[in-house]
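Right, one structure below, let's go through it.
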Amino acid sequence: MEEIAWNDFEKVELRAGTIIEVFDYPEARKPAYKVKVDFGDLGVKMSSAQITKHYTKEELTGRQIIGVVNFPKKQIGKFMSEFLVTGFADENGDIVLSALNGKVPNGSKMI
């Protein structure tokens, strides 16, 4: 594992946001949803996430997540992702979302 300097970590904008809409993404190579997330003062951003194994669209709507908001936009098929949804792979490789242990204002930065 490569060590990084503290100032490298400080460059990563990990922010809290609330999922306001979830859409099917049938064009994705692996099962995924498109999510629309409110990041407060940073605005509403879209991304895709391979989180269909553990979550329904209904469970995700209203849930706060952690996203990396300062990566460049990324083309995923015909869709342009504006941030990275964070999570961890379980023993089967299916993604479990990173979680907040309480409600915080949208756009809050991880410190």
| query | Do the sum for the chain: with -39,500 (n - 2.57) for every DSSP H run of n ≥ 4, divided by all residues, what is the mean residue ellipticity at 222 nm, to the nearest 500 deg cm²/dmol? | reply | -1500 deg cm²/dmol
| field | Computed P(r) (all Cα pairs; region 50-111; 5 Å bins; percent) | value | 4, 14, 22, 24, 24, 11, 2
| What percent does the relative contact order of the chain come to when contacts are Cα pairs within less than 8 Å and at least six residues apart? | 31
| request: Rounded to the nearest Å, what's the spacing between the alpha carbon centres of region 64-110 and region 9-34? Just the number, please. | output: 5
| said: Give me 98, 47, 81 sorted ascending by neighbouring Cβ count inside 10 Å, so fewest comes first. | reply: 98, 81, 47
| message | Rounded to the nearest 20 debye, what is the charge dipole size of the chain about its Cα centre when +1 sits on each Lys and Arg Cβ and -1 on each Asp and Glu Cβ? | response | 400
| task | Would you mind computing the Rg to Rh ratio of the chain from its alpha-carbon coordinates, Kirkwood style for Rh? | result | 0.96
| task | Check region 6-97 and count each lysine pair with an alpha-carbon distance under 22 angstrom, considering only pairs eight or more places apart or from different chains. | result | 26
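Read-outs: derived from the displayed coordinates by stated rules, not from any lab. Computed from a predicted structure; not experimentally measured. Methodologically, a virtual Cβ is constructed for each residue, glycine included, from the backbone with ideal geometry; neighbour enumeration extends over all protein chains shown.
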